[in-house]
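K.L.:
This is the structure I have questions about; it appears just below.
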Amino acid sequence: MRHYTRALLATLCIASLGGQADAGPTLSIENAPSEYQAGGFFTVDLKLTGASNLNAYTVSLILEGSGGIPGVGGDYYFADLPDDLTDLPSVDRYVFGGDGFGRGVGRGEDGSATRLTLLDSLADLDAEVDVTAGGNDLIARIRIGTSSTMTGELRLSFDVSETLLLGSSGQDVPGFDQLAYMPTAGTTSVIRPAAIPEPASLASFLAGGATVVLGTSRARRRAAGAAPSA
């Protein structure tokens, strides 16, 4: 019985290690808000974790709206991304650190969607890096803007057909066939417009503010009238 238990534990341990080794990298959109303010900007982080032997990447995001016009100059759009990586907390947080060839950006609109494509490779075409969570796991910190008249929902997702994670020989990185997405492939992060007060609620708020101001003014006058003369 003791031998059987040891064998079972050894099998479970091997299976567990095998599962960890087979886990693929993850691309994620993080810190997306649940609401946006029309006429303003919000920021999301595009992250890659768990990738090894990485030499080059291509990642595409899609931003769709339930109303309005997509693209710069329209109602919802990807804001300009700096070439010098100053969108990131530090260069060290970038997947390639300071060793990238130069992060490239592509844009385009199609129907109700606007697309942002990011790509880069190591300057040394024969080199490779391992990406670690909390270390060099950021691809970009992306700003998304809306017009002052935008009122529809926004949906942010990956275009999984465009994703490339390549090694120095042009091959997929280990575990690419098990690449995970957050939000999951085929789903979106939904960002809704912030609630605007109803006209009646706004009127009540303004009336309440006026009452407070008027009451304060009267109280000051009474205090001034009751003050003893010198």
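The values are calculated or read from the model by the stated rules, or taken from the named source; none is laboratory data. Note that the structure is a prediction, hence the values are computed from the model and not measured. Neighbour counts are summed over all protein chains in view; Cβ atoms, including those assigned to glycine, are modelled from backbone coordinates with ideal geometry.
K.L.:
Determine which member of the set Gly106, Gly67 is surrounded by fewer than 19 Cβ atoms within 10 Å (Cβ to Cβ) and either within 11 Å of Ile139 (Cα to Cα) or modelled with pLDDT under 95 (or both).
P.N.:
Only one candidate qualifies: Gly67.
K.L.:
Does Leu118 satisfy being farther than 17 Å from Asn53 by Cβ and in contact (Cβ under 8 Å) with a residue 60 or more places away in the chain?
P.N.:
Spelling it out, Leu118 is indeed farther than 17 Å from Asn53 by Cβ and in contact (Cβ under 8 Å) with a residue 60 or more places away in the chain.
K.L.:
I've got another one for you. Just the residues that are of a type in the set (Ser, Thr, Tyr) and either touching a strand residue (DSSP E or B) at 6+ places or on another chain (Cβ under 9 Å) or not in a loop (DSSP other than H, G, I, E, B) (or both), please, taken from region 38-88.
P.N.:
Thr43, Thr49, Ser52, Tyr57, Thr58, Ser60, Ser66, Tyr76, Tyr77 - these are the residues of region 38-88 that are of a type in the set (Ser, Thr, Tyr) and either touching a strand residue (DSSP E or B) at 6+ places or on another chain (Cβ under 9 Å) or not in a loop (DSSP other than H, G, I, E, B) (or both).
K.L.:
Now for a different question. How many of the residues in region 152-169 are under 14 Å from Tyr57 (Cα atoms) and either outside any strand (DSSP E or B) or among the polar types (S, T, N, Q) (or both)?
P.N.:
8
K.L.:
Taking region 21-51 on its own, how many of its residues are over 17 Å from Leu119 (Cα atoms), surrounded by 15 or more Cβ atoms within 10 Å (Cβ to Cβ) and either of a type in the set (Ser, Thr, Tyr) or without any contact (Cβ under 8 Å) to a residue 24 or more places away in the chain (or both)?
P.N.:
1
K.L.:
Ok, one more. Any chance you could count how many residues in region 129-151 are part of a loop (DSSP other than H, G, I, E, B) and either surrounded by fewer than 17 Cβ atoms within 10 Å (Cβ to Cβ) or of a type in the set (Lys, Arg) (or both)?
P.N.:
Residues meeting the conditions: 9.
K.L.:
For Asp22, work out the one condition from (1) more than 20 Å from Leu138 (Cα to Cα); (2) modelled with pLDDT of 95 or more; (3) among the acidic types (Asp, Glu) it doesn't fulfil.
P.N.:
Every condition holds for Asp22 apart from (2).
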